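Bear in mind these aren't lab numbers, they're just calculated from the coordinates by the rules spelled out. Values in this document were obtained by computation on a predicted structure and should not be read as measured data.
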Amino acid sequence: MIKNLFRGSLMTALLVLSFTRTPAAFGQGDEYSEARNLVQRVQDDLHTLRPTGTKDRDRINDALKHLSDLDRKFTKDKFSKGPLSDAIGNVKDILDHNTLETRERDMLNADIHDLRELRLYKGR
């Protein structure tokens, strides 16, 4: 009986924790801190890429610049869809044109998904 009670409590706790990591978290509490953490993660992911040419490097630098602009706005507690859309477009360009390993492509696809979720929930 105690095992079943423990399992039920554990499942409830896991369910509650799973909701704390949903995109809805962007709409409440310290929203700019969460958004800045996402921007930092995408920047870190871009820094792990190994460009094979000048154009590849330029696309990465463009994305990093737009992400930096976006982060600057977040430090002032301001949200703007423009810089966020620019950053998403830059990361998409990297996906479309740079030579990437499977792991890198999956990582950037996840980044784009999360940035789009931020735009969807915060851009209301």
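Amide H to amide H, which residues 5 or more places from Leu100 or on other chains are under 5 Å from it, using H placed in the peptide plane?
Close amide H contacts, sequence-distant or interchain: none at all.
Tell me, what HN-Hα J-couplings in whole Hz come from the Karplus equation 6.51 cos²θ - 1.76 cosθ + 1.60 at θ = phi - 60° for each residue of segment 99-109, using x for Gly and Pro?
Along segment 99-109, the couplings run 7, 10, 7, 4, 4, 5, 4, 4, 4, 5, 4 Hz.
Pull up the cross-link candidates among the lysines for Lys65, meaning alpha carbon to alpha carbon under 25 Å and not fewer than 8 places away within one chain.
Lys55, Lys73, Lys76, Lys78, Lys81, Lys92, Lys122
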